[in-house]
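Each reported figure results from applying straightforward, stated rules to the coordinates on display, with no laboratory input. Because the structure is a prediction, the values reported are computed rather than measured. Reconstructed Cβ throughout: ideal geometry from the backbone, glycine too, with neighbour counts over all protein chains shown.
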Ligand SMILES: [Zn+2]
């Protein structure tokens, strides 16, 4: 009985906590030493049996064989567990290695001295090479620029864009950018991202925005008339835009001749967006 100077309830709680901690300690001990205890118990048991049946060689031999079999079974079990743990640790190491050797890049377009350029940041642990810069214009035209520049871990590099994107273009230009990268262990393509650049009358780039900030007219596939401008908010690239355009076209067709769609851009909405610059990030 535990002698307690404080109230019974507190005493009970104290005893309960003490028992709980004892059970925890015993469980931890057993978890750690169960295989050793089992082997030890078997050895003691085998010795006891052998001593008991020492006078009868036939029985002693049988018991010896039985314990040899049990010992072999334990050995197989331990080996199997060892292999299993090793495999688990190997998979973990492999996942860690892959994580550390993965190419992690961020990119965007920014304004620089009246022109636009692509910036690429390497936030991974290994260096990589940018081997290609792909630009796709709204009319579907593709420009591929071969590059041979290494972006070191923790650094940022810039790549020039073709002048064609802003020279002699009135007001604005929208295009997709994608990069091809190569590292010691992998090669691949970045995500495809759309950017809109605003251009002055002297062909100087004024501002760069992420996303498609252009007017996107859609005709009704049934009657061929103009069905409305499409909302281009939160579109990552032209492929996304074409997908949305298909949805809008089917809705225009279904509601012809009223032509209504969830993606129809209203003048108020357009004005609001222009005012707030919502859904876009300035890259300058
Ligand atoms: Zn129509």
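Take the Cβ atoms of residue 214 and residue 98, set R0 to 41 Å, and the FRET efficiency comes out at 0.55. Its relative contact order, with pairs defined as Cα atoms under 8 Å and 6+ residues apart, puts the chain at 12 percent. Cα axis of helix 238-254 to longest principal axis of the chain: angle in degrees, 0 to 90, nearest 10? Helix 238-254 and the main axis of the chain meet at about 70 degrees. Note on residue 160 and residue 246: their simple-model spin labels are 3.9 nm apart, each label 7 Å out from Cα toward Cβ. If you plug the beta carbon distance of residue 186 and residue 16 into 1/(1 + (r/R0)^6) with R0 = 51 Å, you get a FRET efficiency near 0.35.
Based on Cα contacts under 8 Å between residues 6+ apart, the range 98-222 shows a relative contact order of 24 percent. Remark on the range 19-99: ratio of C-alpha radius of gyration to 2.2 N^0.38 Å is 1.67. With neighbour counts taken as other beta-carbon atoms within 10 Å, the residues 79, 62 rank, fewest first, as 79, 62.
With springs only between Cα atoms under 10 Å, which of 18, 207, 145 fluctuates most in a Gaussian network model of the chain? Among 18, 207, 145, the largest GNM mean-square fluctuation belongs to 18.
The value given for the range 217-264 is a Kirkwood hydrodynamic radius of 10.5 Å, derived from the mean inverse Cα-Cα separation. The range 53-90 and the range 94-129 have Cα centres spaced 56 Å apart.
Compared with the dominant principal axis of the Cα atoms in the chain, helix 267-276 is inclined by about 70°. Within the listed set 196, 36, 158, the Gaussian network model of the chain (springs between alpha-carbon atoms below 10 Å) gives the highest mean-square fluctuation for 36. For the chain, modelled as a GNM whose springs connect Cα atoms under 10 angstrom apart, the maximal fluctuation among 40, 165, 133 occurs at 40. By the equivalent-ellipsoid construction on the alpha carbon gyration tensor, the chain comes out with semi-axes of 73, 29, 23 Å, ordered largest to smallest.
Taking the empirical scaling 2.2 N^0.38 Å for compact globular proteins as reference, the range 1-139 has a Cα radius of gyration ratio of 2.33. For the chain, the longest principal axis of the C-alpha atoms and the axis of helix 8-52 are separated by about 60°. Averaging Cα coordinates gives a centre for the range 12-38 and one for the range 145-206; these two points are 64 Å apart. With contributions of -39500 (n - 2.57) from each DSSP H run of at least four residues, the per-residue ellipticity at 222 nm computed over the chain stands at -14500 deg cm²/dmol.
Once both labels are positioned 7 Å from their Cα atoms along Cα-to-Cβ, the gap between residue 40 and residue 54 label points is 2.4 nm.
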